[in-house]
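Visitor: Quick one: structure below, then a few questions.
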Amino acid sequence: MQLLKYSSVATFVVLLATVNALPHVAKTGLSARGSNIPTQVIAGVTVPDTPIVKAAQAYARAHSDDMTFNHVMRSWLFGAIIINKNATQRAAIDPETHAVAALLHDLGWDNTGELISEDKRFEVDGAIAAWNFIDTAILNGTAHGWDENRKQLVWDTIALHTTPTIFAYKQPVVAMTAVGIFSDFQGPNSDMSHTLTWDEYTRVTGAFPRHDLGPSVSKIICGFGRTKPATTYDTWMMPFGDRYVENYTQEAKGHLAIDLVQGALPN
Ligand SMILES: *[C@@H]1O[C@H](CO)[C@@H](O)[C@H](O)[C@H]1NC(C)=O
Ligand SMILES: *[C@@H]1O[C@H](CO)[C@@H](O)[C@H](O)[C@H]1NC(C)=O
Ligand SMILES: *[C@@H]1O[C@H](CO)[C@@H](O)[C@H](O)[C@H]1NC(C)=O
(Lines give C-alpha, C1' and ligand atoms only; values in the text may rest on other atoms or scores of the structure.)
(Ligands and ions follow the chains in the order given, each with its own letter.)
Protein backbone atom coordinates (compact mmCIF):
# COMPACT_ATOMS: atom_id res chain seq x y z
CA MET A 1 0.00 0.00 0.00
CA GLN A 2 1.18 3.44 -0.80
CA LEU A 3 1.24 5.52 2.33
CA LEU A 4 2.03 8.94 1.00
CA LYS A 5 1.54 10.02 -2.55
CA TYR A 6 4.58 12.24 -2.70
CA SER A 7 6.42 9.80 -4.89
CA SER A 8 4.58 10.98 -7.98
CA VAL A 9 7.18 12.63 -10.13
CA ALA A 10 5.35 15.92 -10.55
CA THR A 11 4.79 16.38 -6.84
CA PHE A 12 8.32 15.35 -6.09
CA VAL A 13 9.74 17.95 -8.43
CA VAL A 14 7.55 20.64 -6.87
CA LEU A 15 8.58 19.64 -3.35
CA LEU A 16 12.21 19.52 -4.33
CA ALA A 17 11.92 22.97 -5.88
CA THR A 18 10.34 24.32 -2.71
CA VAL A 19 13.07 22.87 -0.55
CA ASN A 20 15.74 24.31 -2.78
CA ALA A 21 14.02 27.66 -2.45
CA LEU A 22 14.25 27.31 1.31
CA PRO A 23 15.43 29.28 4.26
CA HIS A 24 16.90 32.66 3.89
CA VAL A 25 16.58 32.90 7.62
CA ALA A 26 19.33 34.64 9.54
CA LYS A 27 21.68 32.67 11.72
CA THR A 28 20.56 32.70 15.29
CA GLY A 29 23.87 32.34 17.05
CA LEU A 30 22.82 28.86 18.11
CA SER A 31 25.21 27.34 15.62
CA ALA A 32 28.10 28.57 17.76
CA ARG A 33 26.71 26.63 20.69
CA GLY A 34 26.04 23.74 18.31
CA SER A 35 29.72 23.38 17.55
CA ASN A 36 30.67 23.31 21.23
CA ILE A 37 28.23 20.80 22.64
CA PRO A 38 29.14 17.18 23.42
CA THR A 39 28.41 14.80 20.57
CA GLN A 40 27.95 11.09 20.07
CA VAL A 41 28.02 8.89 16.98
CA ILE A 42 24.93 6.78 16.32
CA ALA A 43 24.87 4.51 13.26
CA GLY A 44 27.79 6.51 11.91
CA VAL A 45 26.00 9.86 12.33
CA THR A 46 27.37 12.59 14.61
CA VAL A 47 24.59 14.06 16.74
CA PRO A 48 24.48 16.07 19.99
CA ASP A 49 24.71 14.28 23.32
CA THR A 50 23.46 16.76 25.91
CA PRO A 51 21.22 16.25 28.96
CA ILE A 52 18.07 17.41 27.16
CA VAL A 53 18.80 15.23 24.13
CA LYS A 54 19.30 12.22 26.41
CA ALA A 55 16.07 13.11 28.24
CA ALA A 56 14.17 13.51 24.94
CA GLN A 57 15.39 10.09 23.83
CA ALA A 58 14.26 8.54 27.11
CA TYR A 59 10.91 10.35 26.91
CA ALA A 60 10.32 9.20 23.33
CA ARG A 61 11.22 5.65 24.37
CA ALA A 62 8.74 5.78 27.27
CA HIS A 63 5.91 7.00 25.03
CA SER A 64 6.47 4.96 21.86
CA ASP A 65 6.12 1.41 20.65
CA ASP A 66 9.21 -0.06 18.95
CA MET A 67 8.01 0.91 15.48
CA THR A 68 7.54 4.56 16.46
CA PHE A 69 10.73 4.81 18.52
CA ASN A 70 12.83 3.50 15.64
CA HIS A 71 11.01 5.85 13.25
CA VAL A 72 11.80 8.94 15.34
CA MET A 73 15.41 7.81 15.79
CA ARG A 74 15.84 7.31 12.03
CA SER A 75 14.08 10.62 11.31
CA TRP A 76 16.59 12.35 13.59
CA LEU A 77 19.59 10.61 12.04
CA PHE A 78 18.44 11.14 8.43
CA GLY A 79 17.82 14.82 9.21
CA ALA A 80 21.30 15.12 10.74
CA ILE A 81 22.89 13.44 7.70
CA ILE A 82 21.07 15.78 5.33
CA ILE A 83 21.78 18.93 7.36
CA ASN A 84 25.46 18.03 7.84
CA LYS A 85 25.94 17.87 4.06
CA ASN A 86 24.83 21.45 3.51
CA ALA A 87 27.01 24.21 4.98
CA THR A 88 24.19 26.75 4.87
CA GLN A 89 21.85 24.53 6.79
CA ARG A 90 24.58 23.41 9.17
CA ALA A 91 25.25 27.04 10.07
CA ALA A 92 21.58 27.91 10.42
CA ILE A 93 20.30 24.93 12.40
CA ASP A 94 20.91 24.31 16.07
CA PRO A 95 21.46 20.54 16.34
CA GLU A 96 19.95 20.31 19.82
CA THR A 97 16.70 21.95 18.71
CA HIS A 98 16.63 19.59 15.72
CA ALA A 99 17.24 16.57 17.96
CA VAL A 100 14.47 17.43 20.43
CA ALA A 101 11.95 18.19 17.65
CA ALA A 102 12.76 15.03 15.70
CA LEU A 103 12.74 12.75 18.75
CA LEU A 104 9.44 14.10 20.10
CA HIS A 105 7.56 14.58 16.82
CA ASP A 106 5.18 11.63 17.27
CA LEU A 107 4.23 12.10 20.95
CA GLY A 108 0.72 12.80 19.62
CA TRP A 109 0.27 9.07 19.05
CA ASP A 110 1.83 8.16 22.42
CA ASN A 111 1.25 4.44 22.93
CA THR A 112 0.48 4.98 26.64
CA GLY A 113 -2.37 7.31 25.65
CA GLU A 114 -1.39 9.86 28.33
CA LEU A 115 -0.52 12.62 25.88
CA ILE A 116 -3.47 12.16 23.52
CA SER A 117 -6.36 14.65 23.67
CA GLU A 118 -9.92 14.02 22.52
CA ASP A 119 -10.21 17.23 20.56
CA LYS A 120 -6.88 18.10 18.94
CA ARG A 121 -5.12 16.66 15.90
CA PHE A 122 -2.17 14.46 16.79
CA GLU A 123 0.42 16.92 15.50
CA VAL A 124 -0.85 19.54 17.98
CA ASP A 125 -0.93 17.04 20.84
CA GLY A 126 2.70 16.25 20.01
CA ALA A 127 3.66 19.92 19.85
CA ILE A 128 2.04 20.63 23.23
CA ALA A 129 3.61 17.55 24.84
CA ALA A 130 7.06 18.58 23.56
CA TRP A 131 6.53 22.13 24.84
CA ASN A 132 5.63 20.79 28.29
CA PHE A 133 8.61 18.43 28.22
CA ILE A 134 10.95 21.35 27.51
CA ASP A 135 9.33 23.45 30.27
CA THR A 136 9.97 20.64 32.75
CA ALA A 137 13.53 20.30 31.52
CA ILE A 138 14.10 24.05 31.98
CA LEU A 139 12.70 23.90 35.53
CA ASN A 140 14.76 20.90 36.59
CA GLY A 141 18.00 22.09 35.00
CA THR A 142 18.13 19.58 32.12
CA ALA A 143 17.74 22.26 29.43
CA HIS A 144 20.57 24.73 28.97
CA GLY A 145 20.03 27.88 26.92
CA TRP A 146 16.44 27.12 26.02
CA ASP A 147 14.32 30.20 25.51
CA GLU A 148 10.82 30.88 24.12
CA ASN A 149 12.17 31.00 20.58
CA ARG A 150 13.68 27.51 20.63
CA LYS A 151 10.54 26.13 22.30
CA GLN A 152 8.41 27.78 19.62
CA LEU A 153 10.59 26.30 16.87
CA VAL A 154 10.04 22.82 18.32
CA TRP A 155 6.29 23.47 18.61
CA ASP A 156 6.08 24.68 15.01
CA THR A 157 8.21 21.82 13.70
CA ILE A 158 5.99 19.19 15.28
CA ALA A 159 2.70 20.91 14.43
CA LEU A 160 3.73 21.37 10.78
CA HIS A 161 5.76 18.23 10.10
CA THR A 162 3.01 16.66 7.98
CA THR A 163 2.36 19.80 5.91
CA PRO A 164 5.14 20.23 3.31
CA THR A 165 3.29 23.08 1.58
CA ILE A 166 3.94 25.12 4.74
CA PHE A 167 7.00 23.65 6.46
CA ALA A 168 9.16 24.14 3.36
CA TYR A 169 8.87 27.92 3.85
CA LYS A 170 9.45 27.96 7.62
CA GLN A 171 12.71 28.39 9.56
CA PRO A 172 15.53 26.00 8.55
CA VAL A 173 15.11 23.75 11.60
CA VAL A 174 11.36 23.45 11.00
CA ALA A 175 11.85 22.63 7.33
CA MET A 176 14.81 20.26 7.66
CA THR A 177 13.51 18.28 10.64
CA ALA A 178 10.44 17.55 8.52
CA VAL A 179 12.62 16.69 5.51
CA GLY A 180 14.38 14.12 7.71
CA ILE A 181 11.02 12.68 8.79
CA PHE A 182 9.77 12.49 5.18
CA SER A 183 12.93 10.69 4.10
CA ASP A 184 12.14 7.85 6.50
CA PHE A 185 9.10 6.77 4.50
CA GLN A 186 10.76 5.99 1.18
CA GLY A 187 14.45 6.59 1.88
CA PRO A 188 16.28 8.60 -0.79
CA ASN A 189 13.10 8.43 -2.93
CA SER A 190 11.24 10.71 -0.52
CA ASP A 191 14.22 12.81 0.57
CA MET A 192 13.21 16.27 -0.57
CA SER A 193 16.84 17.47 -0.37
CA HIS A 194 17.93 14.69 -2.73
CA THR A 195 21.18 14.15 -0.80
CA LEU A 196 20.60 11.01 1.30
CA THR A 197 22.32 7.95 -0.18
CA TRP A 198 21.11 4.34 -0.11
CA ASP A 199 24.27 3.39 1.83
CA GLU A 200 23.35 5.86 4.57
CA TYR A 201 19.77 4.68 4.49
CA THR A 202 20.85 1.04 4.92
CA ARG A 203 23.25 1.86 7.75
CA VAL A 204 20.57 3.68 9.75
CA THR A 205 17.78 1.15 9.09
CA GLY A 206 20.22 -1.60 10.08
CA ALA A 207 20.66 0.01 13.50
CA PHE A 208 16.96 0.93 13.86
CA PRO A 209 14.84 -1.62 11.97
CA ARG A 210 11.73 -0.32 10.23
CA HIS A 211 9.37 -2.97 11.63
CA ASP A 212 6.07 -2.36 9.82
CA LEU A 213 6.22 1.43 9.45
CA GLY A 214 3.79 1.91 6.55
CA PRO A 215 0.94 -0.36 7.72
CA SER A 216 1.40 0.72 11.35
CA VAL A 217 1.18 4.43 10.60
CA SER A 218 -1.80 3.76 8.37
CA LYS A 219 -3.48 1.91 11.23
CA ILE A 220 -2.76 4.72 13.69
CA ILE A 221 -4.22 7.35 11.34
CA CYS A 222 -7.32 5.22 10.71
CA GLY A 223 -7.65 5.01 14.50
CA PHE A 224 -7.88 8.81 14.70
CA GLY A 225 -10.51 8.64 11.94
CA ARG A 226 -12.57 6.50 14.34
CA THR A 227 -11.80 8.02 17.75
CA LYS A 228 -11.58 11.74 16.88
CA PRO A 229 -12.64 12.10 13.25
CA ALA A 230 -13.23 15.86 13.48
CA THR A 231 -9.46 16.35 14.00
CA THR A 232 -8.79 14.66 10.66
CA TYR A 233 -11.28 16.43 8.37
CA ASP A 234 -9.66 18.60 5.70
CA THR A 235 -6.20 17.27 6.56
CA TRP A 236 -3.85 14.72 4.92
CA MET A 237 -5.46 12.17 7.24
CA MET A 238 -8.87 12.47 5.61
CA PRO A 239 -8.22 10.00 2.75
CA PHE A 240 -7.46 7.29 5.35
CA GLY A 241 -10.90 7.88 6.86
CA ASP A 242 -12.58 8.06 3.45
CA ARG A 243 -11.02 4.78 2.39
CA TYR A 244 -10.98 2.66 5.54
CA VAL A 245 -13.31 3.99 8.25
CA GLU A 246 -16.97 3.06 8.19
CA ASN A 247 -19.39 6.01 7.85
CA TYR A 248 -16.50 8.49 7.99
CA THR A 249 -17.23 10.21 4.70
CA GLN A 250 -20.91 10.76 5.32
CA GLU A 251 -20.27 12.02 8.85
CA ALA A 252 -17.68 14.51 7.58
CA LYS A 253 -20.31 16.21 5.43
CA GLY A 254 -21.27 19.60 6.83
CA HIS A 255 -17.99 19.87 8.78
CA LEU A 256 -15.61 20.64 5.92
CA ALA A 257 -14.09 23.93 4.77
CA ILE A 258 -15.94 23.53 1.49
CA ASP A 259 -19.21 23.49 3.40
CA LEU A 260 -18.22 26.68 5.22
CA VAL A 261 -17.29 28.47 2.01
CA GLN A 262 -20.21 27.26 -0.08
CA GLY A 263 -22.59 28.06 2.75
CA ALA A 264 -21.20 31.58 3.11
CA LEU A 265 -23.73 34.37 3.63
CA PRO A 266 -24.74 36.18 0.44
CA ASN A 267 -23.83 39.83 -0.24
C1 LIG B 1 21.79 24.06 0.94
O2 LIG B 1 20.66 24.56 1.60
C3 LIG B 1 20.19 25.80 1.13
C4 LIG B 1 19.08 26.26 2.06
O5 LIG B 1 18.07 25.28 2.14
C6 LIG B 1 19.76 25.66 -0.32
O7 LIG B 1 19.33 26.90 -0.82
C8 LIG B 1 20.93 25.13 -1.14
O9 LIG B 1 20.49 24.87 -2.46
C10 LIG B 1 21.49 23.87 -0.53
N11 LIG B 1 22.73 23.50 -1.22
C12 LIG B 1 22.88 22.34 -1.83
C13 LIG B 1 24.20 22.12 -2.48
O14 LIG B 1 21.99 21.50 -1.87
C1 LIG C 1 13.90 16.75 34.01
O2 LIG C 1 12.95 16.94 32.99
C3 LIG C 1 13.12 16.12 31.86
C4 LIG C 1 12.10 16.56 30.83
O5 LIG C 1 10.80 16.47 31.28
C6 LIG C 1 12.98 14.67 32.27
O7 LIG C 1 13.15 13.82 31.17
C8 LIG C 1 14.02 14.36 33.32
O9 LIG C 1 13.85 13.04 33.76
C10 LIG C 1 13.90 15.31 34.49
N11 LIG C 1 15.00 15.09 35.40
C12 LIG C 1 14.84 15.12 36.70
C13 LIG C 1 16.08 14.90 37.50
O14 LIG C 1 13.75 15.35 37.23
C1 LIG D 1 -22.77 3.29 10.00
O2 LIG D 1 -24.01 3.82 9.62
C3 LIG D 1 -25.05 2.87 9.57
C4 LIG D 1 -26.31 3.57 9.03
O5 LIG D 1 -26.57 4.76 9.73
C6 LIG D 1 -25.26 2.27 10.97
O7 LIG D 1 -26.26 1.30 10.94
C8 LIG D 1 -23.96 1.68 11.44
O9 LIG D 1 -24.09 1.21 12.77
C10 LIG D 1 -22.83 2.69 11.38
N11 LIG D 1 -21.57 2.06 11.73
C12 LIG D 1 -20.75 2.56 12.62
C13 LIG D 1 -19.48 1.81 12.87
O14 LIG D 1 -20.99 3.62 13.20
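The values are calculated or read from the model by the stated rules, or taken from the named source; none is laboratory data. Since we're looking at a predicted model, the values are computed, not measured. FYI the Cβ positions are ideal-geometry reconstructions off the backbone, even for glycines, and counts take in every protein chain you see.
Visitor: Kindly check whether there is at least one residue in the range 62-69 that is more than 30 Å from Gly223 (Cβ to Cβ) and crowded, with 17+ Cβ neighbours inside 10 Å.
Guide: Taking the range 62-69 first, the residues more than 30 Å from Gly223 (Cβ to Cβ) are none.
Looking for residues that are more than 30 Å from Gly223 (Cβ to Cβ) and crowded, with 17+ Cβ neighbours inside 10 Å, one finds none in the range 62-69, hence no.
Visitor: Sticking with this one: Please go through the range 128-185 and pick out each residue that is in a helix (DSSP H, G or I), under 30 Å from Trp198 (Cα atoms) and hydroxyl-bearing (Ser, Thr, Tyr).
Guide: Across the range 128-185, the qualifying residues are Thr157, Thr165, Thr177, Ser183.
Visitor: Continuing with the same structure: Which helices (runs of 4 or more DSSP H) does the range 48-126 wholly contain that include 3 or more residues that are within 13 Å of the chain's Cα centre (by Cα) and more than 16 Å from ligand 2 (Cβ to nearest atom)?
Guide: In the range 48-126, 66-84 are the helices (runs of 4 or more DSSP H) which contain 3 or more residues that are within 13 Å of the chain's Cα centre (by Cα) and more than 16 Å from ligand 2 (Cβ to nearest atom).
Yes or no, residue by residue, for (1) on the phi < 0 side of the Ramachandran plot; (2) at pLDDT below 95; (3) more than 16 Å from ligand 2 (Cβ to nearest atom); (4) exposed (fewer than 14 other Cβ atoms within 10 Å of the Cβ):
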| site | (1), (2), (3), (4) |
| --- | --- |
| Thr177 | yes, no, yes, no |
| His211 | no, no, yes, no |
| Lys219 | yes, no, yes, yes |
| Gly225 | yes, no, yes, no |
| Met238 | yes, no, yes, no |
| Asp242 | yes, no, yes, yes |
| His255 | yes, no, yes, yes |
| Val261 | yes, no, yes, yes |
